[in-house]
Number of protein chains: 4
Amino acid sequence: MTTPAGQLSEPEDVALKQLYDDFDRAALMPLWTQREEMMSLVPSPGAVPACWRWATLFPLASRAGELVPVGRGGERRAIALANPGIPGRPFTTATLWAAIQFLGPHESAPAHRHSQTAFRFVVEGEGVWTNVDGDAVAMRRGDLLLTPSWHFHEHHNTTDKPMAWLDGLDIPLVHQLDAGFFELGPDTLTTAATPARSVSERLWGHPGLLPAAMPARPNSPLMAYRWIHTDAALSDQLACEAEGVPATVEPGHGAVRFTNPTTGGDVLRTIRTEMHRLRAGVTTTRVRTVGSSVWQVFEGSGTVYVADQSFEVATGDVVAVPSWQKLTIEATTGLDLFRFGDDPVYEALGLARTVRGEDGTR
Amino acid sequence: MTTPAGQLSEPEDVALKQLYDDFDRAALMPLWTQREEMMSLVPSPGAVPACWRWATLFPLASRAGELVPVGRGGERRAIALANPGIPGRPFTTATLWAAIQFLGPHESAPAHRHSQTAFRFVVEGEGVWTNVDGDAVAMRRGDLLLTPSWHFHEHHNTTDKPMAWLDGLDIPLVHQLDAGFFELGPDTLTTAATPARSVSERLWGHPGLLPAAMPARPNSPLMAYRWIHTDAALSDQLACEAEGVPATVEPGHGAVRFTNPTTGGDVLRTIRTEMHRLRAGVTTTRVRTVGSSVWQVFEGSGTVYVADQSFEVATGDVVAVPSWQKLTIEATTGLDLFRFGDDPVYEALGLARTVRGEDGTR
Amino acid sequence: MTTPAGQLSEPEDVALKQLYDDFDRAALMPLWTQREEMMSLVPSPGAVPACWRWATLFPLASRAGELVPVGRGGERRAIALANPGIPGRPFTTATLWAAIQFLGPHESAPAHRHSQTAFRFVVEGEGVWTNVDGDAVAMRRGDLLLTPSWHFHEHHNTTDKPMAWLDGLDIPLVHQLDAGFFELGPDTLTTAATPARSVSERLWGHPGLLPAAMPARPNSPLMAYRWIHTDAALSDQLACEAEGVPATVEPGHGAVRFTNPTTGGDVLRTIRTEMHRLRAGVTTTRVRTVGSSVWQVFEGSGTVYVADQSFEVATGDVVAVPSWQKLTIEATTGLDLFRFGDDPVYEALGLARTVRGEDGTR
Amino acid sequence: MTTPAGQLSEPEDVALKQLYDDFDRAALMPLWTQREEMMSLVPSPGAVPACWRWATLFPLASRAGELVPVGRGGERRAIALANPGIPGRPFTTATLWAAIQFLGPHESAPAHRHSQTAFRFVVEGEGVWTNVDGDAVAMRRGDLLLTPSWHFHEHHNTTDKPMAWLDGLDIPLVHQLDAGFFELGPDTLTTAATPARSVSERLWGHPGLLPAAMPARPNSPLMAYRWIHTDAALSDQLACEAEGVPATVEPGHGAVRFTNPTTGGDVLRTIRTEMHRLRAGVTTTRVRTVGSSVWQVFEGSGTVYVADQSFEVATGDVVAVPSWQKLTIEATTGLDLFRFGDDPVYEALGLARTVRGEDGTR
């Protein structure tokens, strides 16, 4: 706290105390006692760098699968990665919610929709279909599946095995903004179809081609981004680099952004999604960004440095990077990482800042 | 809380408790115990409808003027209107900070800049100049003065009388987003000039005319919106209405938006500002909006209904309207109100919703 | 013409002639005989630099006033400045049409509307009202008055004196694009009102203030830009420059752009309008721009250099500047010039290019 | 011509003639004698509906292949489809230039670049590579290949057979606008590489995925749109329609637009490109559009009705549709058609209008 006053005589001290009491009674708080906290020199997030292990997440989710039914009320067997720096809240960062969702053999999760924007990323397994506004979308390893704001969605597992995946939402952001609406859909599955390709992929998933009769949309109309394409794009990017063509983010570090084909912008209005591929041995340039992100290792192993912490990571592990914390990634093996972040929020509000390579060292 | 389980046998109960303990140790929180709070059916803001009286604010600010010096550290003698529904935080609503700022005779507040976006609105008095990036801007009754994000600003009172005004900032939003930077400027006044018109008004304040050599900017380059123009615009609007020309928001209710002349959009990227004028006897249509706003009576008296509360208001009184709360205003006399809101945030993020006239009755 | 062939044997020559005949019969034209004309190294406009004198224009328009009635069919007593380089067409440049329009005492010109975008600029006189979609707009010296695409408009002279002004339209552009629609309005005046301020000025003419209830529009909703504001903006700009504040286009050369207050962009989608003020003795930097413009001296005298020509100009004189021709203006006295150009067209289509100061010399 | 005057006495007649002579000497043209032509009630294009047969085009291009070398000056062996309604100009419509380009076995066409925007569409054959700013792009049947404004490009045929294709450019538009620049590149081929996929496809051709490090561009960075994708997209669209999902333009009529993946907009700033597929027996709804288009049959046969004309068409045939002319297409067999149009120009300038289904009958 900054006390603006210097030496106060005793009567002044009494008067000041009385003033503060009167402020309190009048629902007032002076800036001068709050300035340093409310207007810090640089962002000082409550959230801390944190890492969750797939080796921990999956067994816990499995146990939940045995003990906790999926159904109305709870709605989803999703277990949030709750940042230790934000006690009592299921927030992975100040704006982002990441969870492992688990669906047992032949289980289904009922339809609902909400203002919160969601996606699923599949680190292993297959056999679940997510129906988005009635369109059945297969979920398979490496795929990114979207559920934009206010789209009905339900999930069902068609196999004899359980399946788990990463859910990403902007729950903390929408909560802070008091902007959330929620609505239940039908209690029973609206479609049991299990097509290999969703309607959305058939209409919007051809490169550079859009239906001539359909207008642009603020969120992507393409609900599935398949691993076969993502993998090929990353391979091509690194191969171009090897041929001397500018293509990658930095040497040995390829990255693609998942985009809304009708605008070229982010797939979702509040969440950016990307897949990164590092060649074995590469260390990324240190970067600080206003806004937070969550990384999940898709394949390979390495070390993630966030602020003054480091996490050795392997397939499925998840790392939270709070706002303005230095981030560097070292690839031990070739390393594929999925990233999602709140970048579109800061860009839309004029609050984005990024610094690369600061300090020279890692 | 929603417990998804029905009847659990005792061993299951033990297992569930163990699971929750293990979640806790692993920094996990299940959605099914949090869903109703985190994903409510409609926005359920912590902030409550609240009203602060000018008759209370001004004397308390005056007392602070006697007891609390202005200077480095505290930076400003600004006293925030702290919403009773958000304990321990100087937040007027979930995203907005409103304060009364008080500057004694011949006092000055030193230069600084910050990511937070700010404006001042003057309900009474004159004689202070605010220097924005070196441009001296007079502050007078009815004027709106801007300090966009990351512009240096300092204030100085050139008169023998104190002056107080309303400060509006997006401190809560920037705090939640961990996006704030803050920098001190020189300790002494950078200019003591007291021009009647600022450079910004001379370059950008001519209707429909912009300097041909200067590009558009995301925040308004016009730092002062003078009461003489605002008053004339509102009078014209109501006069047009009286002649049968569509002009007003609704019958007897004129309103102008303060805009960035280089884009036609809001003056500030995160805050909308408007002045409303109601004819005596008019009751506005009930409206609910996602996002919050703060209203200050500039002149006249009436009643403001927010959710299930009502506040009889007069010149200088301030009312906070949390997200999605019903709002109606009744004008006893002709009533001029200044409004600021976080609307641009919700529009930029695709989270805006407004319903008018719902339920028919107030 | 470029003949690609080198030496052709006689049979080849016959065969080539036969080929060209066959092309002709098949409605074909080879590129190789057209390339140099169709794809020149730099723009080679048909239009030439040209100047029309107010001392010529006004008397000729007056004679037309005596001999040619205004009415249905011809619609307007407007006499186009027809570029000598574009024979048989009433085109001032490749895209722009400028004309002197003349309305005798108490005459009126009947209502119509068209796809072509129009404005009027008044170099002298007053007393005519132009009714734009029923809104009566006074025309006075120094004013810019708009008639955006597809707005009904009619003019009537309320005085005992004739009045003449400059009309600017995009007739050549719309003609080349086969995009014109035209519709007659009522034969008799829709309103004889002569208000000092139009509704459009009352709703949209307050600096930085817009009606809160009315959305943005692609063309300006403000139909009149008054000389009192334009003059003040130019004076302020040059005064700021004198105080060392960056404000002008270049030293001694102030300029304002007339803008759509709802977007900050040009007032009309196809035409840019500006007013320039040069201090006595100033010579502007030589500039070449893709696209054409038309300049009218509003007050003062000087010399306008276009390509290899020069024109000594005084109040009311009009100069056409074709695409990519070097332009320099020397102010003998203080010099105010109105400019309109087709810049928005080239910017919208990605065809804009400008080079300043090329060659060092004038 | 519309003479505004009624009965003129003889002296008036003399005076009027004198006035017109004086107008002429002063480089003036009255509106009232030009109004009907310059401001017609609806667009009255000079261009007429026209059809060119592939069976005519290809043999004539082959003869040119024997007689006319490709090289500097002529630059390309391209033969424009010259609209009979625009005599003396190689313009297919008022804004568009379509040509058949022919490259003999092992020939190459040297590098140049120009402001004019270009594409190639391949109706048959393969074996030519077009190098766009050094990136070698294979040309094969059904592919659309881009050469945006100011990109260097050269073509070379790697086979023992000739190849011909359709070129589309905005030459007439750029000519009318006096906006063209042209620059020669190296005289010899910059690369003889013949990769199956261009760099542009490797970086930008993955559905919904963009390189994270590369910003949006006004023209598409993807230089090749392959038939395999276009065909699949059209098949998917019609299959979706058959399943009852809204997907097509109208029953039995699928269409995809080629888009810039970084913006979702048209591939080129001045030209729209689309592929249409009609089921056998389908007749499209009659449509009128401001702006012109050119259609080429890719496969199948049918009848194209334009204004009061009809053309029976088969593979390779090209039809020009001038502005505002009624268009209907009947598919005899299943019918694939490539279309390009100037729609982006009219949309950017606020001049677009389309009417569908007018008059009920074809």
Discussion item. What number does the range A:50-185 give for Rg over Rh if you use C-alpha atoms and the Kirkwood radius?
Written reply: 0.94
Worksheet entry | Computed P(r) (all Cα pairs; the protein assembly as shown; 10 Å bins; percent) | 1, 8, 13, 17, 19, 18, 13, 7, 3, 1, 0, 0
Discussion item. Please report, for D:K17, the nm distances (one decimal) from its label point, 7 Å out from Cα along the beta-carbon direction, to the equivalent points in the remaining copies, shortest first.
Written reply: 4.7, 11.0, 11.7
Practice prompt. Using only Cα atoms, locate the centre of the range A:179-193 and the centre of the range C:178-207, then give the distance between them in Å, rounded to an integer.
Written response: 52 Å
Worksheet item: So what are the ³J(HN,Hα) numbers for the range A:93-101, from phi and the Karplus equation (6.51, -1.76, 1.60; θ = phi - 60°), rounded to whole Hz, Gly and Pro as x?
Response: 9, 4, 10, 10, 10, 10, 8, 9, 10
Response to the item:
For the range B:257-362, one quarter of the surface area of the C-alpha convex hull, expressed in nm², comes to 6.7 nm²
Item to complete: List the residues whose amide H sits under 5 Å from the amide H of B:G316, counting only those 5 or more places along or on another chain, with H placed 1.01 Å from N in the peptide plane.
Response: B:V297, B:F298
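How much FRET efficiency would the formula 1/(1 + (r/R0)^6) give for C:D308 and C:S62, where r is the Cβ-Cβ distance and R0 is 30 Å, rounded to 0.05? If you can, show how the numbers build up before the last one.
Details: r = 34 Å, r/R0 = 1.12.
Efficiency for this residue pair is about 0.35.
Using packing as a proxy for protection, rank D:205-218, A:235-248 so that the peptide with the highest average count of other Cβ atoms within 10 Å comes first.
Numbers: D:205-218: 20.4, A:235-248: 16.5.
Top to bottom by mean Cβ count within 10 Å: D:205-218, A:235-248.
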Fill in: Other copies of B:P59: label-to-label distances in nm, shortest first, labels 7 Å along the beta-carbon direction
6.7, 8.2, 10.5
Fill in: Across the identical copies, how the D:R217 labels are spaced - nm, sorted shortest first, 7 Å along Cα→Cβ
2.8, 3.3, 3.9
Worksheet item: What are the semi-axes of the equivalent ellipsoid for the range B:34-76, taken as the square roots of 5 times the Cα gyration tensor eigenvalues, largest first, in whole Å?
Response: 38, 17, 6
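Calculated FRET efficiency, C:K17 and C:E37, Cβ-Cβ r, R0 22 Å, to nearest 0.05? Each step should come with its number before you reach the end.
Details: r = 21 Å, r/R0 = 0.96.
According to the calculation, E is roughly 0.55.
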Item to complete: Convert each backbone phi in the range D:307-321 into a coupling constant with the Karplus relation 6.51 cos²θ - 1.76 cosθ + 1.60 (shift: θ = phi - 60°), then list the ³J(HN,Hα) values in order as whole Hz, x for Gly and Pro.
Response: 6, 9, 10, 9, 10, 7, 10, 9, 2, x, 5, 10, 10, 9, 10
Discussion item. At 222 nm, what value in deg cm²/dmol follows for chain A if DSSP H runs of at least 4 each add -39500 (n - 2.57) and the sum is divided by all its residues, to the nearest 500?
Written reply: -5500 deg cm²/dmol
Item to complete: Please work out, to two decimal places, the log10 of the ratio I(q)/I(0) at q = 0.20 Å⁻¹ from a Debye calculation in which every Cα of the range D:218-262 carries one identical scatterer.
Response: -0.68
Practice prompt. Using amide H atoms built 1.01 Å from N in the peptide plane, name the residues 5+ places from A:T92, or on other chains, whose amide H lies under 5 Å from its own.
Written response: A:N83, A:W97, A:A98
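In peptide D:118-126, how many Cβ atoms from other protein chains are near each Cβ within 10 Å, on average?
On the way: counts 0, 0, 0, 0, 0, 0, 0, 0, 0.
Mean inter-chain Cβ contacts per residue within 10 Å come to 0.
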Worksheet item: Taking H as built 1.01 Å from N, whose amide H comes closer than 5 Å to the amide H of A:A118, not counting residues under 5 places away?
Response: A:T147, A:S149
Worksheet item: Taking every eigenvalue of the Cα gyration tensor of chain A, multiplying by 5 and rooting it, what semi-axes result, largest first, whole Å?
Response: 39, 27, 20
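Assuming R0 = 41 Å, what is the FRET efficiency of D:A239 and D:K161, from their Cβ-Cβ distance, to the nearest 0.05? Walk me through the numbers before you get to the answer.
Details: r = 35 Å, r/R0 = 0.86.
Taking R0 as 41 Å, the efficiency between D:A239 and D:K161 is 0.70.
What does the charge count near B:P344 come to, summing +1 for each Lys or Arg and -1 for each Asp or Glu among other residues with Cβ under 9 Å from its Cβ?
Residues near B:P344 contribute -2 overall.
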Item to complete: Would you tally the net charge around D:T259, using a Cβ to Cβ cut-off of less than 11 Å, leaving D:T259 out, and scoring K and R as +1, D and E as -1?
Response: 0
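FYI, it's all coordinate maths here, none of it is from the lab. Worth saying up front: this structure is predicted, and the values here are computed from it rather than measured. Reconstructed Cβ throughout: ideal geometry from the backbone, glycine too, with neighbour counts over all protein chains shown.
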